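Taking it in order: structure first as structure tokens, then the write-up.
No value in this document is a laboratory result; all are computed from the given coordinates. Fair warning: this is a prediction, and the values are worked out from it, not measured in the lab. As a convention, Cβ positions derive from the backbone with ideal geometry for all residues, glycine included, and neighbour counts pool all protein chains shown.
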Amino acid sequence: MSLADPSLVNPTSLPRRPRHPDTMHQSTTMQSHDCERCARSFSLLFQLLQHIHDSPAHNPCLACERDFPSARALSLHVQLTGHMRICHRCPLGPTLHLPQDWDSHLIAFNVCQCCDRHCDSPAALREHEAAHAAGPVICFGCPQAYPTHSSMLHHLESGLCTSGCTFRTLNRDAAICNHYCTFLHAPLREDLLLGRNVGAEKPFRCPECFMWFAWISELFEHVEGGCGVGMEGDVIRALVTWMEGRY
């Protein structure tokens, strides 16, 4: 799952008219409401707001009202500021929620707070959470247990781990590993080492089938799902050992 996916932005209500200087919406007359970014004019304000809501060229943060030109830019903004929460595994794709709405979303969709999995019922959620407690994989940064390495890495990437680890931390650690050339796109290594945004690029490669992934948790989920290399492959085992030793 890539955070560059346009489905990331799925606000449930229209934003107020943006006021931040980064935005490009101006009302030049009483009769015209202009969107300079898209070079379009609207006679009514609600038409401009509907355009902002519907257009992939507008990705507003509902907390601070900054408007971003891409879903990727917005997702990085909310991860750095904490203005909104990302639910990575919503059935219709990743969604954004204001902090005050987050608990309601978790309850309504029976969401596991450890891995964002959505369960069919409260009973199914309790069963799933019990599997976490009995899981064989312990988080590199905290005592939380997980059923798989991919779910544990997803937890670290989310920034919710008490260790303070984020996706940037994992990317850097993977890029430092001596075996990086077997699972990493070499031209992007310096960007990962410096914590830079690689946009929509997919820096991680399966050492067996050479499929590319945007997130290291996606690579592990692929390996766990039946790719020939498996979790016992030399490269994957070496990567796990290396990352575990970083904490």
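Which FRET efficiency value, to the nearest 0.05, is calculated for TRP242 and CYS209 with the Förster distance at 25 angstrom and r the Cβ-Cβ distance? About 0.70, to the nearest 0.05. Look at the alpha carbon pairs under 8 Å that are at least 6 residues apart: their mean separation over the length of the chain gives a relative contact order of 13 percent.
Within the shell defined by Cβ-Cβ distances under 12 Å, the residues around GLY141 carry a net charge of -2, with Lys and Arg each +1 and Asp and Glu each -1.
Taking 0.36 nm per residue of separation and subtracting the Cα-Cα distance, full extension of the segment from ALA108 to GLN31 would add 23.5 nm.
Please return the longest stretch of the chain lacking exposed loop sites, where trypsin sites (Lys or Arg not before Pro) count only if DSSP places them in a loop and at most 11 other Cβ atoms lie within 10 Å. For trypsin sites (Lys or Arg not before Pro) (loop position, at most 11 other Cβ atoms within 10 Å), the longest site-free span of the chain is 20-247. The simple spin-label model puts a point 7 Å past each Cα toward its Cβ; for ALA124 and LEU76 those points are separated by 3.6 nm.
Placing +1 on the Cβ of every Lys and Arg and -1 on the Cβ of every Asp and Glu, with no other charges, gives the chain a dipole of roughly 560 debye about its Cα centre. Fully extending the segment from ASN178 to GLU65, taken as 0.36 nm per residue of separation minus the present Cα-Cα distance, adds 36.4 nm.
Farthest toward the positive end of the dipole of the chain, out of LEU49, ALA123, LEU80, is the Cα of LEU49, where the dipole comes from beta carbon charges about the Cα centre.
Charge dipole (Cα centre; +1 on Lys/Arg Cβ, -1 on Asp/Glu Cβ; no other charges) of the range 128-245 amounts to roughly 280 debye.
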